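The values are calculated or read from the model by the stated rules, or taken from the named source; none is laboratory data. Quick caveat, the model's predicted, so the values are computed rather than measured. Positions of Cβ are backbone-derived with ideal geometry, glycine not excepted, and every protein chain shown enters the neighbour counts.
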Amino acid sequence: MMPVGPLMKEHRLIERMIKIMKLQTEDIKKENKVDPLFVDTVVDFIKTYADQCHHGKEEDILFRSLAQKDISAEHKRMMQELIEEHKMGRNNVKKLAEAKEEYVGGSQDALKEILSNLETLAKFYPQHIEKEDKHFFIPCMEYFTEEERDKMLDAMGEFDRNMIHGKYREIVQNYEK
């Protein structure tokens, strides 16, 4: 398996969550209210799974490995775009979490901000995933030998194993403070 295989599998789960977000967004509009727990779930899913786990492997393993190669100007440009898109997604998740806090605090105006950020993320991820899956991942594998691809795949497995431990170590440390 190529190192982009697990990344593309992760995209399928992200797409399923985006579908749920779109359905929930329609319900929020109809009911003019939001379940704060749903927003917490979206924030956690995107921060932990889509960003830390998935984008973490892209940026810390794939993109870092590509940066050591003599890649085309087009792939360099696209890689930079993807990094900027990751940053934009992080910013929207931060705004979503902040709006949820305002909503729980009684601000009805925060509902508009929640909807706006849910809609932005639901629009962003399918386009971002398509760019990676159809235009970036597979062509970039040509820059690596089979041995380099195998090492990246192993590194991604190790990344996943360490990530879950890091998340819960941080939770315990925060409570210890």
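For region 106-120, check the following and say yes or no: at least one residue is assigned to a helix (DSSP H, G or I), touching a Gly at 6+ places or on another chain (Cβ under 8 Å) and in contact (Cβ under 8 Å) with a residue 12 or more places away in the chain.
no
From E101, E130, which residue is without any contact (Cβ under 8 Å) to a residue 40 or more places away in the chain, assigned to a helix (DSSP H, G or I) and under 20 Å from V4 (Cβ atoms)?
E130
Table: residues versus (1) crowded, with 16+ Cβ neighbours inside 10 Å; (2) modelled with pLDDT of 95 or more; (3) in contact with a strand residue (DSSP E or B) (Cβ under 7 Å, 6 or more places away or on another chain).
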site: V104; (1), (2), (3): no, yes, no
site: S116; (1), (2), (3): no, yes, no
site: Y125; (1), (2), (3): yes, yes, no
site: D133; (1), (2), (3): no, yes, no
site: D150; (1), (2), (3): no, yes, no
site: Y175; (1), (2), (3): no, no, no
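Please give the helices (runs of 4 or more DSSP H) falling wholly within region 1-81 in which 2 or more residues are in contact with a Lys or Arg (Cβ under 8 Å, 6 or more places away or on another chain).
Correct list: 4-31, 36-44.
Is there a residue in region 60-73 that is β-branched (V, I, T) and under 20 Å from the mean Cα position of the chain (by Cα)?
yes
Condition (residue is closer than 29 Å to M21 by Cβ and touching a His at 6+ places or on another chain (Cβ under 7 Å)) applied to region 139-156: is it met by at least one residue?
yes
Exactly one of (1) farther than 21 Å from K57 by Cβ; (2) surrounded by fewer than 18 Cβ atoms within 10 Å (Cβ to Cβ) is unmet by Y143. Its number?
Going through the list (1) farther than 21 Å from K57 by Cβ; (2) surrounded by fewer than 18 Cβ atoms within 10 Å (Cβ to Cβ), Y143 breaks only (1).
Being within 14 Å of the chain's Cα centre (by Cα) and among the aliphatic types (A, V, I, L, M) is true for just one of I129, I138, I114. Which residue is that?
It is I129.
So which of M163, M78 ends up being in contact with a Gly (Cβ under 8 Å, 6 or more places away or on another chain), of a type outside the set (G, A, S) and surrounded by 15 or more Cβ atoms within 10 Å (Cβ to Cβ)?
One residue alone meets the criteria, M163.
For a quick check of your reading of the model, give me the residue pairs whose first member lies in region 44-65 and is surrounded by 17 or more Cβ atoms within 10 Å (Cβ to Cβ), whose second is small (G, A, S) and at pLDDT 95 or above, with beta-carbon atoms closer than 6 Å and at least 6 apart or on different chains.
I61/A155
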